[in-house]
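Visitor: Sharing a structure here in structure tokens format.
Nothing in this text is a laboratory measurement; each read-out follows from the coordinates by a stated rule. Computed from a prediction, not measured in an experiment: that's the story for all the values here. All Cβ positions, glycine included, derive from the backbone under ideal geometry; neighbour counts span all protein chains shown.
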Amino acid sequence: MEAAEDIDAAGARLVVVTPQSADRAATWREEVSLGEALVIADPERTLYKALGARRPKPLWVLRPRVAAVGIRAILAGDRPGVTKGDDTLQLGADVVVDKDGQIVFLHLASDAADRTPPAELVAVLRGLDSSTVPQADPVAPAAATPLP
């Protein structure tokens, strides 16, 4: 995964929340090779709602930027797939949380192509005092996830 090593080097932990079921999220985690990232299934979208992440109207795919990203992905050999139960309308949020649990960076996507570049998230992490960067639990290995 892009920037995973930089995130680790900054003393942080990558956590991915997905609106998929736990079974689907576990499969997806392996498909995209997330390594030691913690993946949390949130099919009820509890965290998304708490952060204020949006859900666009169904025709969002017609937005030029979204269509362009989709076309580039298809041309690169990626095949977008939809699995029964996936919430394809849920937009993401890019968040950096400090050691005290405070959100120090929050970007709410305006469409599916609107994501914070990984390098920018790493720069935010590096800007935090090392004592405030979230650390992985030293007792539980980072590869332990709440997924089956």
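Visitor: Name the residues whose placed amide hydrogens come within less than 5 Å of the amide hydrogen of residue 17, ignoring near sequence neighbours (fewer than 5 apart) on the same chain.
Guide: 40
Visitor: Rounded if a/c is under 1.5, else prolate if a/b beats b/c, else oblate: with a ≥ b ≥ c from the C-alpha gyration tensor eigenvalues square-rooted, which is region 4-127? Can you show the working numbers first?
Guide: On the way: a/c = 1.42, a/b = 1.39, b/c = 1.02.
Rounded shape, in that the Cα axes give a/c under 1.5.
Visitor: Which percent, nearest 5, of DSSP beta bridges in region 4-127 are antiparallel? It would help to have the intermediate numbers written out before the result.
Guide: Working: 5 of 9 bridges.
Taking every DSSP beta bridge within region 4-127, about 55 percent pair in antiparallel fashion.
Visitor: Ok, one more. If you rank 47, 75 by fewest surrounding Cβ atoms within 10 Å, what's the result?
Guide: Values: 47 14, 75 8.
Ordered from fewest to most neighbouring Cβ atoms within 10 Å, 47, 75 come out as 75, 47.
Visitor: How many nm separate the modelled label positions at residue 9 and residue 115, each set 7 Å beyond the Cα in the direction of the Cβ?
Guide: According to this spin-label approximation, the distance is 2.0 nm.
Visitor: Can you work out the Karplus-derived ³J(HN,Hα) for every residue in region 12-23? Use 6.51 cos²θ - 1.76 cosθ + 1.60 with θ = phi - 60°, whole Hz, and x for glycine or proline.
Guide: 10, 10, 7, 10, 10, 10, 10, x, 7, 5, 4, 5
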